[in-house]
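A quick write-up on the structure given underneath.
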Amino acid sequence: MLRRTYSVIAALLLSVSGAFAQSGEYASYSPYSVFGIGNLADSPSAYTAGMAGTGIASRNNRYFNTINPAAVSVRDSLALMIDFSLYNTNTIFSQTYGGVTRHSANNTTNIGGFAITFPIWNKMAGYLGLKPYSSVGYTFQSSQADADAGVVTQTHTGLGSLYNVYGGVSHAFGKRFSLGAEADYIFGRIDRNFVQDIASSGYNEAKNSYVLILNAFTGKFGAQYEQPIGKDLKLAAGATYTLRTNLHGFNNGTFSSAGSVQEMVLPSSYADTLGANSGVSLAGEIGVGISVNYKNKMRAEFDYIRSDWRSSGMDSAKGFAVSNAPQSFENSVRESYRLGFEYVPNISDVRYYHRRIAYRAGAFYNTAYYTVAGRPVNTAGITIGATLPVFRWYNGLSISAEIGQRGPFSGGLVRENYFKFTFGVNLFDIWFQQPRYD
């Protein structure tokens with residue numbers, strides 16, 4: 001038993017390290033990732049993805065939920081649980097400019113995350129994991145004619161990701177109340193480049209690039225309480241709070257021009273060590289949720305999450321705010337509204353397999369942590385999913401599909417219509433038993 005489970009863990013660890021290192025040219029792709037640290041990754045497991053990412057108030061011993069640190073203690077005290085997921089996103093971009101509508105498409109694949117949980121003592125459990133935090137991936141070009149310089153072409157490219165290594169503990173106080181705390185280390189690299197090419201030989205080509213090597217340490221806290229209502233119904237509430245933290249690391253910028261006008265060849269660079277006085281930070285976050293559970297067969301949950309990025313400093317810091325981007329960006333308040341449902345006909349049915357499948361659905365509405373040209377960037381979508389039981393206990397294969405739309409479709413801004421497929425593996429094994437002999 002132990003040898004088999006160790007082999008599974010080793011195989012998953014190898015696949016995680018390889019996939020994070022070889023997830024393709026872009027971990028994700030969006031023109032909106034030109035700003036700040038890119039697009040923030042909502043990285044729920046395949047289990048919670050099917051319910052639109054809800055989980056703040058979920059108390060379910062069958063699956064591993066790290067959205068709320070307090071939820072981890074609601075588990076079998078003898079079990080080792082592992083969750084691994086990856087996703088594929090297909091996006092169609094649309095833009096109307098000058099009366100002409102243009103379309104393009106992109107396909108990306110990346111790791112959703114890896115996490116493992118284990119008992120520590122009595123009603124206390126611990127967990128460790130790795131997941132994406134944000135991603136930058138874009139390339140776009142614009143051209144305009146000038147009477148003296150000819151055609152001036154501006155090209156923007158960006159690539160990079162931030163990841164979150166986390167670990168936490170959770171403790172249950174009786175059967176209804178639990179608390180949890182999590183430590184998060186965020187790290188990664190972002191590269192941004194800009195090239196201005198001028199057709200006339202009387203002008204030089206201009207280039208600038210930024211390399212951001214970033215890290216931050218923060219923490220997350222959670223609480224949950226569940227109240228029985230009658231014999232079959234339970235009402236649960238949960239809350240999470242993530243600390244605001246400064247970004248640290250290294251910011252290196254390089255600027256140069258080249259062409260036939262030799263006296264204008266002026267390469268330059270600067271280096272800036274980010275620290276407590278840099279004025280660039282990651283926002284804190286607060287989340288609340290409420291759920292209803294009927295006989296462990298039907299579950300419904302609503303979550304609300306809010307983070308205020310207006311004082312993060314990213315709309316004015318070099319390398320974070322791109323001054324020559326086609327549109328202006330400003331920090332804003334990020335909000336998320338999520339509604340999820342789950343239905344399991346009969347988890348213990350030994351005759352009909354389909355009755356042991358967990359069926360899920362959800363809907364969500366998000367606003368980004370920035371505005372573009374003074375306009376909010378909203379995302380709305382629906383999700384469906386299921387967990388297919390495998391072998392005994394609560395082992396399963398989880399799948400989910402998300403259909404959504406992001407961004408306005410006016411004022412020359414880009415709208416993204418996407419389809420996201422998530423696949424996950426849920427492993428459950430009884431490890432921590434003391435054999436008894438007569």
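Within the option set Ile286, Ile305, Ile290, being within 22 Å of Ala380 (Cα to Cα), β-branched (Val, Ile, Thr) and surrounded by 18 or more Cβ atoms within 10 Å (Cβ to Cβ) holds for one residue only, Ile305.
Among the residues of the stretch 368-388, those identified as on the phi < 0 side of the Ramachandran plot and either surrounded by fewer than 18 Cβ atoms within 10 Å (Cβ to Cβ) or among the aliphatic types (A, V, I, L, M) (or both) are Ala368, Val372, Arg375, Pro376, Val377, Asn378, Ala380, Ile382, Ile384, Ala386, Leu388.
Checked against the criterion of being under 16 Å from Val34 (Cα atoms), in contact (Cβ under 8 Å) with a residue 40 or more places away in the chain and part of a strand (DSSP E or B), the stretch 219-231 has no qualifying residue. When Phe118, Phe114, Phe187 are checked against the criterion of being of a type in the set (Phe, Trp, Tyr), at pLDDT 95 or above and assigned to a strand (DSSP E or B), a single residue qualifies: Phe187. Quick one: count up the residues across the stretch 335-355 that are assigned to a loop (DSSP other than H, G, I, E, B) and either modelled with pLDDT of 95 or more or under 20 Å from Met51 (Cβ atoms) (or both). Final tally of qualifying residues: 4. In the set Ser316, Ser323, Ser311, only one residue is of a type in the set (Gly, Ala, Ser), surrounded by fewer than 16 Cβ atoms within 10 Å (Cβ to Cβ), over 27 Å from Thr218 (Cα atoms) and at pLDDT below 95; that residue is Ser323. Being farther than 30 Å from Ser209 by Cβ and in contact with a Ser or Thr (Cβ under 9 Å, 6 or more places away or on another chain) is a property that does not hold for Gly158. Checking each residue of the stretch 87-109 against the condition of being of a type outside the set (Lys, Arg) and not in a strand (DSSP E or B) gives at least one match. Among residues of the stretch 342-353 that are more than 22 Å from Ala300 (Cβ to Cβ), those with a beta-carbon under 9 Å from a residue that is at pLDDT 80 or above and in a loop (DSSP other than H, G, I, E, B) at least six positions away or on a different chain give the pairs Tyr352/Pro345; Tyr352/Asn346.
Reported count of residues in the stretch 177-195, each being buried (at least 17 other Cβ atoms within 10 Å of the Cβ) and not aliphatic (A, V, I, L, M), is 8.
Restricting Ser143, Ser178 to those that are over 15 Å from Ile37 (Cα atoms), in a strand (DSSP E or B) and free of Cβ contacts under 8 Å to residues at least 40 places away in the same chain reduces the list to Ser143. Annotation: Thr367 fulfils all but one of (1) assigned to a strand (DSSP E or B); (2) at pLDDT 90 or above; (3) more than 16 Å from the chain's Cα centre (by Cα); the unmet one is (3).
Looking at the stretch 47-94, which of the residues that are of a type in the set (Gly, Ala, Ser) and farther than 24 Å from Val288 by Cβ is farthest from the chain's Cα centre (by Cα)? That would be Ser77.
Taking the criterion of being in contact with an Asp or Glu (Cβ under 7 Å, 6 or more places away or on another chain) and loosely packed, with under 10 Cβ neighbours inside 10 Å, no residue of the stretch 344-359 qualifies. Scanning the stretch 26-48 for residues that are β-branched (Val, Ile, Thr), modelled with pLDDT under 90 and touching a strand residue (DSSP E or B) at 6+ places or on another chain (Cβ under 6 Å) gives a single hit, Val34. Give the residues of the stretch 131-160 that are at pLDDT 85 or above and surrounded by fewer than 18 Cβ atoms within 10 Å (Cβ to Cβ), sorted by residue number. Thr139, Thr155, Thr157, listed by residue number.
Checking the stated criteria, Lys207 turns out to be in a strand (DSSP E or B), buried (at least 17 other Cβ atoms within 10 Å of the Cβ) and more than 27 Å from the chain's Cα centre (by Cα). Do you know which of the residues in the stretch 161-176 that are within 17 Å of Asn65 (Cβ to Cβ) and buried (at least 20 other Cβ atoms within 10 Å of the Cβ) is nearest to the chain's Cα centre (by Cα)? Across the stretch 161-176, the extreme among qualifying residues is Asn164.
The residues listed here are Ala373, Ala358, Ala380; of these, the one that is at pLDDT below 95, under 23 Å from Gly50 (Cα atoms) and not hydroxyl-bearing (Ser, Thr, Tyr) is Ala358.
The values are calculated or read from the model by the stated rules, or taken from the named source; none is laboratory data. Because the structure is a prediction, the values reported are computed rather than measured. Every residue, glycine as well, gets a Cβ built from its backbone with ideal geometry; the counts of neighbours run over all protein chains shown.
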